[in-house]
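The values are calculated or read from the model by the stated rules, or taken from the named source; none is laboratory data. Because the structure is predicted, anything quoted here is derived from the model rather than measured. Glycine gets a Cβ as well: all are built from the backbone with ideal geometry, and neighbour counts include every protein chain shown.
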Amino acid sequence: MENIKRTVRVLLPLPLADAYDYSVPEGLEVAAGHFVVVPLGKRLTIGVVWGEGSGEVAPEKLRDIEEVMPALPMADALRRFVDWVSAYTLAPPGAVLRMAMSVPSALEAPKTEIVYRAAATSDDAALKLTNARRRVLEQLKDGPALPAAELAHIAGVGTSVIKTMASIGLLEPVERTMRRSFAHPDGQRQGPELSPEQAIAAQGLVDKVLAHAFSATLLDGVPGSGKTEVYFEAIAAALASGRQVLVLLPEIALTAQWLKRFEDRFGAMPASWHSGLTSLERRETWRAIAEGRVGVVVGARSALFLPFANLGLIVVDEEHDGSFKQDDGVSYNARDMAVVRARLVSAPVVLASATPSLESVVNVSTGRYGSVHLPDRHGGRELATLSAIDLRRQQPARGRWLSPPVVEAMKRTFEAKEQTLLFLNRRGYAPMTLCRACGHGIECPQCSAWLVEHRFRRTLVCHHCGHAEPPARECKYCGTPDQFVACGPGVERLAEEALELFPEARLELFTSDSLMNRTEATAAVERMIAGEIDILIGTQMAAKGHHFPNLTLVAVVDADLGLNGGDLRAAERTFQLLYQVAGRAGREDRPGRALVQTHAPEHPVMQALVSGDRDRFVAAELADRRAAGMPPFGRLASLIISGPDPAAVDNVCSALARRAPHQDGVTILGPSTAPLALLRGRHRRRFLLKTSRDIAVQPLLRAWLERIGLPGSVRLQIDVDPYSF
Ligand code: ADP
Ligand code: ZN
């Protein structure tokens, strides 16, 4: 009996099908959740103990765990979350684990340093002190122990003084763990006085927080109704009861403005978690969250996988936002997974939006989610009036994109010293460049997509793969020089037009490529708030999360842009985006106007925007989805098969087609060429699997894919609940 070693399953942060068994050497304390170093092939790697050994391999054939990392173990709820995300998305569990182990350095023992405090005996010796020594003790009297260099600096002495004092027993060295401390947002601080409707909504959320149980609530309210103010009350309640809070925002809405507002309300900054952190910041934040030293984390979607010690509330702001659904190796929707994470820690989740996703609307109507409503803007202000400009009647001048009513409105806005936002969701100068001589558009060599001219940077760029090339003089198809024409507008071209129309105006571009980084984006937002910009020209970056007090005119240059292409969510997404953009206008004491240029003013989306009747639009869109058996009434998964050799891709597709599941309530569409038939040199085909709501797609997919052989060059990407296709 004593010869049989204990074995455990260790999950490694690698795309392997399952956890591996390892044996536990005598004397090593190992429990589920421990981060352990294990051998894998010829190297060592860090994994997480996932449970007791499977027993599939005899213990004597297994390799030993090398050591246990000096980090807090991964909580049971987080491990179950990893398993859940893996089972739902069909991504290998290790690929999901990798997201929860994004900061390996945080698993090592924190560094220590020596700090000095006054020795107990130093008072007796006070009479014999030199001035220098007295100053040192003076500094330590009420303050914390300090490292030698720092202590010497603030006392105005040399470090040798500190060393000597320590050697003769006046100072006492202490070893201390180096760690960053995080200020604590104060849950007891009073917020602003809430209106009666806000107070009811806030109480609804606070009750959920105090229940310490899972619940999901949609916080639905027009822009400016005080949703943020209301969920701040829920955050305050969670903090006051000693719990941690996670706020998820779409990355680009994670602004300095939001942080400032939070700080004003709670007296301290939250910890933020996003792609712009340095590795040191990541490590310190990760550890502090695990140790329960951080009260509130505001982050992008990856923050879902942080090791909270004591999570008591999750808020997903702008819950409808498509950027919550992405593929970082694992394709998951952070909003939906936030609901799962909340359930696994028995905490409430609040989903906030002025334009909730249809999924959430249906979840409220079926009673799965609760809801609280804020029907009016705070302070009785009106929403911007929104008018459609029919481009078939009000044509812009030739080669121009702004219609006469828009130009006129801009003129009046400029004269009134107010600000205009021109919204066009297209980066660069022109979406397509054409050779007049042969009629060819310039394509990306690796993708089925046009290269987009970025005139300010003098390059042609593929927005799908990042390929960039300098503009050539000659056409690469026919060789004719100097015959290129730019087709259609991008924001740079619009800036050119606006500058011609308003040469005195201060104009700025606000897009992800004119703004190099977060700091510059913050600076641009500040210039806008300070009134140093008259006309802001932007893509979606400008549409989200900002609050510009002097902005009174929003013009949407091409409202039809997102409606073409036959995507499931085209109408929903366009409505949400334009409604949000229009919501930027007139937020302070001035009424706002939004002008929406369209070729299809009769389209239900435009009708809904103009009439402001969101609920009617939602009802009509839901009816269409229901009739088509599409989400949220049916389930969808997409399967993309790609590879450099189209014949190999087609072979896999044929094999898949032969084995496709046949079952009532299940429809297989495809194979067909995927949108972006060529991406990064890989040919792409697609199947769509559509099922009724009561059928789970995961077992179907698993059975379907089980015995499909893939040549090394062919890749298969599964996307459960694709956002767009
Ligand atoms: P939403 O998140 O719904 O867009 P916000 O919470 O940002 O709305 O509120 C819009 C504006 O109104 C903000 O400037 C906010 O500070 C202000 N506001 C909302 N509610 C109150 C309140 N009860 N007292 C004072 N200001 C408020
Ligand atoms: Zn490309």
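Report the residue count in region 539-569 for those that are among the small types (Gly, Ala, Ser), closer than 28 Å to ARG635 by Cβ and touching a helix residue (DSSP H, G or I) at 6+ places or on another chain (Cβ under 9 Å). Give the steps one after another, and end with the answer.
First, the residues of region 539-569 that are among the small types (Gly, Ala, Ser): 542-543, 545, 555, 559, 562, 565-566.
Pick out the ones that are also closer than 28 Å to ARG635 by Cβ and you get 562, 565-566.
Narrowing further to those that are touching a helix residue (DSSP H, G or I) at 6+ places or on another chain (Cβ under 9 Å): 562.
Total satisfying the criteria: 1.
Looking at (1) within 23 Å of PRO722 (Cβ to Cβ); (2) surrounded by fewer than 22 Cβ atoms within 10 Å (Cβ to Cβ); (3) not polar (S, T, N, Q), which one does ALA288 not meet, given that it meets all the others?
That leaves (1) as the condition not met.
Please list, ordered by first then second residue, the pairs with beta carbon atoms under 7 Å, 6 or more apart or interchain, first in region 349-368 and in a helix (DSSP H, G or I), second surrounded by 24 or more Cβ atoms within 10 Å (Cβ to Cβ).
Pairs that qualify, where the first residue is in a helix (DSSP H, G or I) and the partner is surrounded by 24 or more Cβ atoms within 10 Å (Cβ to Cβ), are SER360/GLU319; SER360/LEU351.
Tell me, which helices (runs of 4 or more DSSP H) wholly within region 590-676 include 3 or more residues that are within 28 Å of GLN326 (Cβ to Cβ) and over 31 Å from the mean Cα position of the chain (by Cα)?
Working: elements: 604-611, 614-628, 646-658.
Result: 646-658.
Looking only at region 698-725, how many residues end up being in contact (Cβ under 8 Å) with a residue 40 or more places away in the chain and farther than 13 Å from ALA660 by Cα?
Count: 17.
Can you name the residue in region 416-475 that is away from ligand 2 (no atom under 16 Å from the Cβ) and aliphatic (A, V, I, L, M) and, of all such residues, is nearest to the chain's Cα centre (by Cα)?
Here the residue is LEU424.
Might you check whether a residue that is modelled with pLDDT under 95 and either surrounded by 20 or more Cβ atoms within 10 Å (Cβ to Cβ) or not acidic (Asp, Glu) (or both) occurs anywhere in region 304-311? Steps first, please.
As a first pass, look at region 304-311 and keep what is modelled with pLDDT under 95: none.
Among the residues of region 304-311, not one is modelled with pLDDT under 95 and either surrounded by 20 or more Cβ atoms within 10 Å (Cβ to Cβ) or not acidic (Asp, Glu) (or both), which makes the answer no.
Pairs under 8 Å by beta carbon, first residue under 30 Å from GLY204 (Cα atoms) and free of Cβ contacts under 8 Å to residues at least 12 places away in the same chain in region 170-194, partner away from ligand 1 (no atom under 16 Å from the Cβ) and not small (Gly, Ala, Ser), six or more apart or different chains?
Hits for this filter: zero, empty list.
Residues to consider are LEU383, LEU402; find the one that is within 16 Å of ligand 1 (Cβ to nearest atom), assigned to a loop (DSSP other than H, G, I, E, B) and either buried (at least 20 other Cβ atoms within 10 Å of the Cβ) or among the polar types (S, T, N, Q) (or both).
Details: LEU402 fails: within 16 Å of ligand 1 (Cβ to nearest atom).
So the residue among LEU383, LEU402 that is within 16 Å of ligand 1 (Cβ to nearest atom), assigned to a loop (DSSP other than H, G, I, E, B) and either buried (at least 20 other Cβ atoms within 10 Å of the Cβ) or among the polar types (S, T, N, Q) (or both) is LEU383.
Evaluate region 148-164: report whether one residue or more is at pLDDT below 90, part of a loop (DSSP other than H, G, I, E, B) and surrounded by fewer than 16 Cβ atoms within 10 Å (Cβ to Cβ).
no
Condition check: charged (D, E, K, R) and within 19 Å of the chain's Cα centre (by Cα). Does GLU281 satisfy that?
Values: charged (D, E, K, R): yes; within 19 Å of the chain's Cα centre (by Cα): yes.
Judged against the criteria, GLU281 is a match.
Are any residues in region 337-380 among the charged types (D, E, K, R) and over 21 Å from GLU621 (Cα atoms), and if so, which ones? Please lay out each step first, then the result.
Of all residues in region 337-380, those among the charged types (D, E, K, R) come to 341, 343, 359, 368, 376-377.
Once the filter is applied, which keeps residues that are among the charged types (D, E, K, R) and over 21 Å from GLU621 (Cα atoms), region 337-380 yields ARG341, ARG343, ASP376, ARG377.
May I ask you to verify whether ALA132 is more than 30 Å from ALA240 (Cα to Cα) and among the small types (Gly, Ala, Ser)? Quick ask: steps written out before the conclusion?
On the way: more than 30 Å from ALA240 (Cα to Cα): yes; among the small types (Gly, Ala, Ser): yes.
For ALA132, the condition - more than 30 Å from ALA240 (Cα to Cα) and among the small types (Gly, Ala, Ser) - is met.
Go through region 229-280 and give me each residue that's over 30 Å from VAL581 (Cβ atoms) and among the hydroxyl-bearing types (Ser, Thr, Tyr).
SER241, THR278, SER279
Please specify each residue of region 232-247 satisfying the condition of being closer than 20 Å to ALA288 by Cα and not hydrophobic (A, V, I, L, M, F, W, C). Break it down into steps so the answer makes sense when it comes.
Going through region 232-247, the residues closer than 20 Å to ALA288 by Cα turn out to be 235-236, 238-247.
Of everything in region 232-247, those that are closer than 20 Å to ALA288 by Cα and not hydrophobic (A, V, I, L, M, F, W, C) turn out to be SER241, GLY242, ARG243, GLN244.
Return the residue satisfying two criteria in turn: it lies in region 511-545 and is at pLDDT 80 or above and part of a loop (DSSP other than H, G, I, E, B), and of such residues it is nearest to ARG584 (Cα to Cα). Step through it out loud before you land on a result.
Within region 511-545, the subset at pLDDT 80 or above is 511, 523-540.
Next, from what is left, pick out any that are part of a loop (DSSP other than H, G, I, E, B): 511, 530-534, 539.
Working: THR511: 16, ALA530: 16, GLY531: 15, GLU532: 17, ILE533: 15, ASP534: 15, THR539: 13 Å.
Among them, the one singled out is THR539.
Provide a single number: the residues in region 473-498 that are of a type outside the set (Lys, Arg) and touching a strand residue (DSSP E or B) at 6+ places or on another chain (Cβ under 6 Å).
Going through region 473-498, the residues of a type outside the set (Lys, Arg) turn out to be 474-475, 477-492, 494-498.
Subset that is touching a strand residue (DSSP E or B) at 6+ places or on another chain (Cβ under 6 Å): 474-475, 481, 483-488, 490-491, 494-495, 498.
Number satisfying all stated conditions: 14.
Looking only at region 563-577, decide whether some residue is more than 16 Å from ligand 2 (Cβ to nearest atom), of a type in the set (Val, Ile, Thr) and either at pLDDT 95 or above or in a strand (DSSP E or B) (or both).
From region 563-577, those more than 16 Å from ligand 2 (Cβ to nearest atom) are 563-577; that's our starting set.
Filter again for of a type in the set (Val, Ile, Thr), leaving 574.
Then keep just the ones that are either at pLDDT 95 or above or in a strand (DSSP E or B) (or both); that gives none.
Checked region 563-577: no residue is more than 16 Å from ligand 2 (Cβ to nearest atom), of a type in the set (Val, Ile, Thr) and either at pLDDT 95 or above or in a strand (DSSP E or B) (or both).
Inspect region 491-500 for any residue being touching a helix residue (DSSP H, G or I) at 6+ places or on another chain (Cβ under 8 Å) and within 16 Å of ligand 2 (Cβ to nearest atom) and give the result as yes or no.
Step one: filter region 491-500 for residues touching a helix residue (DSSP H, G or I) at 6+ places or on another chain (Cβ under 8 Å), giving 498.
Checking the rest, the ones that are also within 16 Å of ligand 2 (Cβ to nearest atom) come to none.
Among the residues of region 491-500, not one is touching a helix residue (DSSP H, G or I) at 6+ places or on another chain (Cβ under 8 Å) and within 16 Å of ligand 2 (Cβ to nearest atom), which makes the answer no.
Filter region 225-247 for residues that are under 26 Å from LEU383 (Cβ atoms) and in contact with an Asp or Glu (Cβ under 9 Å, 6 or more places away or on another chain) and give the result.
To start, the set of residues in region 225-247 that are under 26 Å from LEU383 (Cβ atoms) comprises 225-234, 247.
SER225, GLY226, LYS227, THR228, TYR231, VAL247, listed by residue number.
Checking the condition in contact (Cβ under 8 Å) with a residue 40 or more places away in the chain, out of contact with any strand residue (DSSP E or B) (no Cβ under 8 Å at 6 or more places or on another chain) and of a type outside the set (Asp, Glu), which residue from SER448, SER512 passes? I'd like the intermediate steps shown before the answer.
On the way: SER448 fails: out of contact with any strand residue (DSSP E or B) (no Cβ under 8 Å at 6 or more places or on another chain).
Sole residue among the options that is in contact (Cβ under 8 Å) with a residue 40 or more places away in the chain, out of contact with any strand residue (DSSP E or B) (no Cβ under 8 Å at 6 or more places or on another chain) and of a type outside the set (Asp, Glu): SER512.
Does any residue in region 553-565 that is more than 15 Å from GLU602 (Cα to Cα) come within less than 6 Å, Cβ to Cβ, of a residue that is among the aromatic types (Phe, Trp, Tyr) and not in a loop (DSSP other than H, G, I, E, B) six or more places away or on a different chain, and which pairs are these?
Close Cβ pairs satisfying both conditions: VAL556/PHE423.
Filter region 366-380 down to residues that are within 27 Å of the chain's Cα centre (by Cα) and of a type in the set (Ser, Thr, Tyr) and give me whichever is surrounded by the fewest Cβ atoms within 10 Å (Cβ to Cβ).
Of everything passing the filter in region 366-380, SER371 is surrounded by the fewest Cβ atoms within 10 Å (Cβ to Cβ).
In this structure, is GLN419 polar (S, T, N, Q), away from ligand 1 (no atom under 16 Å from the Cβ), in contact with a Gly (Cβ under 6 Å, 6 or more places away or on another chain) and in contact (Cβ under 8 Å) with a residue 40 or more places away in the chain? Before you say what the answer is, go through the steps one by one.
Numbers: polar (S, T, N, Q): yes; away from ligand 1 (no atom under 16 Å from the Cβ): yes; in contact with a Gly (Cβ under 6 Å, 6 or more places away or on another chain): no; in contact (Cβ under 8 Å) with a residue 40 or more places away in the chain: yes.
So GLN419 does not fit the description; no.
I'm trying to understand the selection: among the residues of region 254-281, which are at pLDDT 95 or above and among the basic types (Lys, Arg)?
Correct list: ARG265 only.
Working only within region 11-40, note down all residues that are closer than 25 Å to LEU90 by Cα and assigned to a loop (DSSP other than H, G, I, E, B).
Within region 11-40, LEU12, PRO13, LEU14, PRO15, LEU16, ALA17, ASP18, ALA19, ALA32, GLY33, HIS34 qualify.
Return the residues of region 546-562 that are in a loop (DSSP other than H, G, I, E, B) and not polar (S, T, N, Q); say none if nothing qualifies.
Kept after step one, since they are in a loop (DSSP other than H, G, I, E, B), are these residues of region 546-562: 546-550, 557-562.
Scanning region 546-562 gives HIS546, HIS547, PHE548, PRO549, VAL557, ASP558, ALA559, ASP560, LEU561, GLY562.
Output the residues belonging to region 346-355 that are in contact with a helix residue (DSSP H, G or I) (Cβ under 8 Å, 6 or more places away or on another chain) and either of a type in the set (Ser, Thr, Tyr) or surrounded by fewer than 24 Cβ atoms within 10 Å (Cβ to Cβ) (or both).
Within region 346-355, SER353, ALA354, THR355 qualify.
If you check ILE200 against the conditions, is it part of a helix (DSSP H, G or I), away from ligand 2 (no atom under 16 Å from the Cβ), within 19 Å of ALA309 (Cβ to Cβ) and touching a residue at least 12 places away in the same chain (Cβ under 8 Å)?
Details: part of a helix (DSSP H, G or I): yes; away from ligand 2 (no atom under 16 Å from the Cβ): yes; within 19 Å of ALA309 (Cβ to Cβ): no; touching a residue at least 12 places away in the same chain (Cβ under 8 Å): yes.
It is false that ILE200 is part of a helix (DSSP H, G or I), away from ligand 2 (no atom under 16 Å from the Cβ), within 19 Å of ALA309 (Cβ to Cβ) and touching a residue at least 12 places away in the same chain (Cβ under 8 Å).
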